[in-house]
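The values are calculated or read from the model by the stated rules, or taken from the named source; none is laboratory data. Fair warning: this is a prediction, and the values are worked out from it, not measured in the lab. Using ideal geometry, Cβ is built from the backbone for each residue, glycine included, and neighbour counts are taken over all protein chains shown. Side chains included, ligands, DNA and RNA excluded: accessible areas come from the protein's heavy atoms. Shrake-Rupley method; radii C 1.70, N 1.55, O 1.52, S 1.80 Å.
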Amino acid sequence: MKSLPYFCRGEVVRGFGRGSKELGIPTANFPTCVVEQLPADISTGIYYGWACVDNGPVHKMVMSIGWNPYYKNTMKSMETHVIHTFKEDFYGQTLSVVMIGYIRPEKGFDSLVLDALITAIRNDIEEANQKLELPEHQKLKEDNFFKDPLDTPVDKTSTSTAASTLSTESKHIMNGH
Ligand code: ADP
Ligand code: MG
């Protein structure tokens, strides 16, 4: 996928209540304006990368890109599970992510029994954990993109304004689309 690594940032919005948190795997949802910016070659499935909330520390993440039932599956959804235990929810805050690599295609949620689904997601988290230990991935953790997400007055839901705060390297990646 030529668009990887892919940087984006946006406000955390309410999801469609599939009960991720009840399964122990909460997923922070991006608004449609962030989803709309996704390059066409980013297919549905599970990705790993780095994420931070507001000005907080950078954590490992896994992201699911799927078809959004709210929009009759005409629009994608981007749901990030940050591999960290937070004390509180962070709806309305700014989530910055870099998607680095692809783990697997989307599995039909409905076709899986719950236990198998949870096992699959646990495996994804384990794989993300291992991959992100590689030195080449640690570099992206230190990227300027994560340095001052809130210091410039950005439209919180826009990936394009966020680009103004990016390092030259990341800017290039975002402007390529
Ligand atoms: P929703 O359907 O609103 O997305 P979820 O059950 O998926 O509800 O929970 C997601 C919310 O949980 C996030 O928006 C965030 O505020 C909170 N949250 C707490 N811990 C995490 C985490 N480790 N990763 C992602 N979201 C988290
Ligand atoms: Mg969610």
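A few remarks follow.
- Taking a straight Cα-Cα cut-off under 19 Å and skipping sequence neighbours fewer than 8 places away in the same chain, the aspartates and glutamates within cross-link reach of residue 72 are 36, 106, 110.
- Per-atom-type breakdown for region 48-104 gives carbon and sulfur 52% of the accessible area (1.4 Å probe, protein chains only).
- Greater than 18 Å apart at Cα, pairs in 21/131; 21/87; 60/139: 21/131
- Rounded if a/c under 1.5, otherwise prolate or oblate - region 6-146, Cα gyration tensor axes: rounded
- Applying both filters, DSSP loop and at most 10 other Cβ atoms within 10 Å, to the trypsin sites (Lys or Arg not before Pro) of region 28-99 gives 72, 87.
- Calculated from backbone phi, Karplus (6.51, -1.76, 1.60) coupling profile of region 81-98 in Hz, x at Gly/Pro: 9, 7, 7, 6, 9, 8, 6, 9, 5, 10, 4, x, 8, 8, 9, 10, 9, 10
- Taking a straight Cα-Cα cut-off under 15 Å and skipping sequence neighbours fewer than 8 places away in the same chain, the aspartates and glutamates within cross-link reach of residue 147 are 54, 169.
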